[in-house]
Structures are given as C-alpha cells and as structure tokens.
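The values are calculated or read from the model by the stated rules, or taken from the named source; none is laboratory data. These figures come from a predicted structure and were not determined experimentally. Reconstructed Cβ throughout: ideal geometry from the backbone, glycine too, with neighbour counts over all protein chains shown. Heavy atoms of the whole protein, side chains included, go into the accessibility calculation; ligands, DNA and RNA do not. Shrake-Rupley method; radii C 1.70, N 1.55, O 1.52, S 1.80 Å.
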Amino acid sequence: MKKNEISKSIADKFKNIYDARPLVIRSPGRVNIIGEHTDYNEGYVLPAAIDKAIYIAISKRDDELIRLFSAEFNDVFEGKLSTVEKSEKYWANYILGILNQLQIRGHELQGFNIVMGGDVPIGAGLSSSAAIECATAFALNELFHLNIDKLNLVKMAQLAEHSFAGVKVGIMDMFASMFSKKDSVIKLDCRSLDFEYVPLKMEGIKILLLNTNVKHSLASSEYNTRRQQCEKGVEYVKSHFSEVESLRDVTIEMLDQFVAPKDEIIYRRCKYVVEENIRLLAGCDDLKKGDIAALGRKMFQTHNGLSKQYEVSCKELDFLVDHVKNNPAVLGARMMGGGFGGCTINLVKEEAINNIIKEVSESYKSAILFDISFFFMYFY
Ligand code: GLA
C-alpha cells in the first residue's frame, strides 16, 4: 500500500472506533549503512529513514482516559493519565513510555485516543519501536502544543525505550526517524550530536534487505550486556588515562595495553567498537568518492566483527552473509541493527538482483527451514 493509502486506512479505522477526525502522524523506520553498536559508545553511525513507517492517529478526549488500539495486533489498551505504568501489552509500552517522559517533565495533558498501524515489519531490525516512540512524541507535542523541539523529542523517545521497554538503546534509531532527509544518509556523531547529510548515490546498485524472519529472545538482555562490557573496558583504560570518557577516546594500543591482560572477552568487544568507528569514517570517504566497492568491503568486515568479536549475530544472519560473500554482484553485506535476528543489508548490482533473491531464498529454506522475506530500501 502507498503512504497516503495507509494513512487513510488508519484514519478510517480511527473514525470507525472513536467517531472523530484524527491528526495523523507518520514516522519512518531506518536502515544503517555502517556503524553498528557504536551509538551508545559515543561513536558514529550512518543511518537513513526508509519508506516504511508507523502511523499514529490521535485526538483529544475530555476526560483523563487513554485508549489505544493497535491495528497490527488488533488489540486494545485502556488506562488513565493518573496511573501511567508499564503494561503487559508490550506494544502499548512504547506509547506509555513517551507519556511517562512527558509527565516526568511536568507537561499537563488531557486524555486521548490513538489508533496505531503501519508497514514497518516488527522484529526485522528496522526500528519499528523507535518509529512508534517518535510518532507518539511528535503527535502529543502537536496535539497539546507542547513546543518541544525535535532533538528533545528524540531524547525522550530514547529514554522511553530505556524505561518502558527495558533496552538501553543508543540514539541512532530515533534520530534517524526524526531527522532523515531524502537521498541522503545521516553521518551522526553520537557524542556531540552534530550531523551531516551525506548523499547516497549508487548508480546501478540497490540496497536489498533480506529478513531472516527470526528474532531470538536474548536480543534485549545481550544488548544490555554488550553495553556494560564496553563500559567495563572504558573503566580499565580510564584508570590509566583519566580523560577517557567512552570508547570514542580509546585507541587499539590502549586496549592492547590495559584491557587485553585483564579480560579477553571485554577486549574483543571494545576492539570491535574502536575498529568500527574507524571503518565508518573511512566508509564515508568511500561514499563521497563514489567508491561503493570499498564501502562494501568494509560492510563485510563489519559483519565479521559483529559475528566473531562482538558476538551479536546468529546462524541465520551468518548464513545469509556467507551465502552472498563470494558473489561478485554483491558488493557488501552485513547484519543490521542490534542483532540476534532481523535483516541483513546488501549492496547488490541491479542486474543480478532477481537471481540472487531466488537463489538465496531456496538455499535459506533448505538450510534453515524458514522463508526469508526481502525488501528494497527506498528513501522515506
Ligand atoms: C539497536 C539500537 C540502536 C543501536 C543498534 C546497533 O537498533 O536501538 O541504538 O545501538 O541496535 O547499532
């Protein structure tokens, strides 16, 4: 379905349920070209918003009730403004988390009705959760004239995910959803939050997303563990260099000297992050020079690091990357997002796409006993 059709169907659903005309807000999912697990280490990322989005239809109520309807799950949540807390309905938590952030900041709201829907596949690593949070934050900001700027909405969305979804995510997904621009990726410095739009021009090459259609349950707990392991690494280095605040300030030499002798696992985790930041900066230069082959090679290296050093891949993701690795029509491929399932992102020569999809689908099915699905990345 096209954007305006989805928007209309969500608005129609809203009118059927609540008999009112809603404000409809659309917030996109994202891809990330390179720079994975770097955001919460104050490094760099290179995301872009895609043409798949979450839609929030919303209107005010005269009481203090909150009524939420998820079109995806065909499920209802009802609550009160005076008792906003985590719910067992996990889809509602992304909305409630935003409400909680607004209340912490002292914003006075009235009750409201929401219908939520969209076409960002859930669990595919395309940040459907960040898209829900950003759409909700933007919608409430508009509806109640709160005058919160976009960067603060992004920060609130990140905190909502920490407190109501329990995952200590970085800022990339929300930032991409809120600040992306057509035909460009965002080179975001996650320390200063300075950013630059880098044009993504790839003649004859398409971005193909292959969805493993699996999401392993350890994703959230392992994510938080990786974050702690990185912090531990920083602590080891900081006891020798007090000015070090995050892995952004750390070099491979420091890791060799102060972390390797203490803990081999922490050393591997931190080394991956330091190397990934270096790869991203070089990858941006490749992009600016139009050297997509060089960028693609770095993506394969990133996958290797995520799989072997950072250990956030899984057999399904590894299978998909291994499968295309020696195909000359695939310039680069890697797992994308937090890991343990979701999509791989592939840079593929246009003329070879149909064959690759056919071939990889068949092999995946016989090896993993699952179907893959695929999408092309189109800009927001
Ligand atoms: C998830 C998180 C992001 C980022 C990526 C890994 O998508 O939400 O903040 O850490 O994983 O790069």
Inter-residue pairs, beta-carbon under 6 Å, first at pLDDT 95 or above and in segment 291-303, second open to solvent by 10 Å² or more (accessible area, probe 1.4 Å) and not in a helix (DSSP H, G or I), 6+ apart: Ile292/Met202; Ile292/Ile205; Ile292/Leu331; Ala293/Leu331; Gly296/Leu331
Pairs needed: first member in segment 251-276, over 10 Å from Tyr236 (Cβ atoms); second member anywhere, assigned to a helix (DSSP H, G or I) and open to solvent by 50 Å² or more (accessible area, probe 1.4 Å); C-beta distance under 7 Å; at least 6 residues apart or different chains. Ile252/Lys271
When only residues in segment 261-296 that are more than 19 Å from Val45 (Cβ to Cβ) and of a type in the set (Lys, Arg) count, which is surrounded by the fewest Cβ atoms within 10 Å (Cβ to Cβ)? Lys289
Would you mind telling me which numbered condition in (1) open to solvent by 30 Å² or more (accessible area, probe 1.4 Å); (2) more than 16 Å from the ligand (Cβ to nearest atom); (3) in contact with a Ser or Thr (Cβ under 9 Å, 6 or more places away or on another chain) Thr136 fails? (1)
Checking Gly337 against (1) out of contact with any Gly (no Cβ under 8 Å at 6 or more places or on another chain); (2) open to solvent by less than 20 Å² (accessible area, probe 1.4 Å); (3) within 22 Å of Arg279 (Cα to Cα): exactly one of these is not met. Which one? (1)
From Ile33, Ile25, residue being away from the ligand (no atom under 16 Å from the Cβ) and crowded, with 18+ Cβ neighbours inside 10 Å: Ile25
Among the residues in segment 327-345, are any over 22 Å from Ser128 (Cα atoms), basic (Lys, Arg) and touching a residue at least 24 places away in the same chain (Cβ under 8 Å)? no
List the helices (runs of 4 or more DSSP H) that sit entirely inside segment 119-205 and contain at least 3 residues that are out of contact with any Gly (no Cβ under 9 Å at 6 or more places or on another chain) and without any contact (Cβ under 8 Å) to a residue 60 or more places away in the chain. 128-143, 150-160
From Tyr55, Tyr40, residue being within 14 Å of the ligand (Cβ to nearest atom) and either part of a strand (DSSP E or B) or within 27 Å of Asp249 (Cβ to Cβ) (or both): Tyr40
Checklist (1) more than 13 Å from the chain's Cα centre (by Cα); (2) not in a strand (DSSP E or B) applied to Gly35, failing item: (1)
Mind counting the residues in segment 270-311 that are touching a His at 6+ places or on another chain (Cβ under 9 Å) and either among the small types (Gly, Ala, Ser) or not in a helix (DSSP H, G or I) (or both)? 1
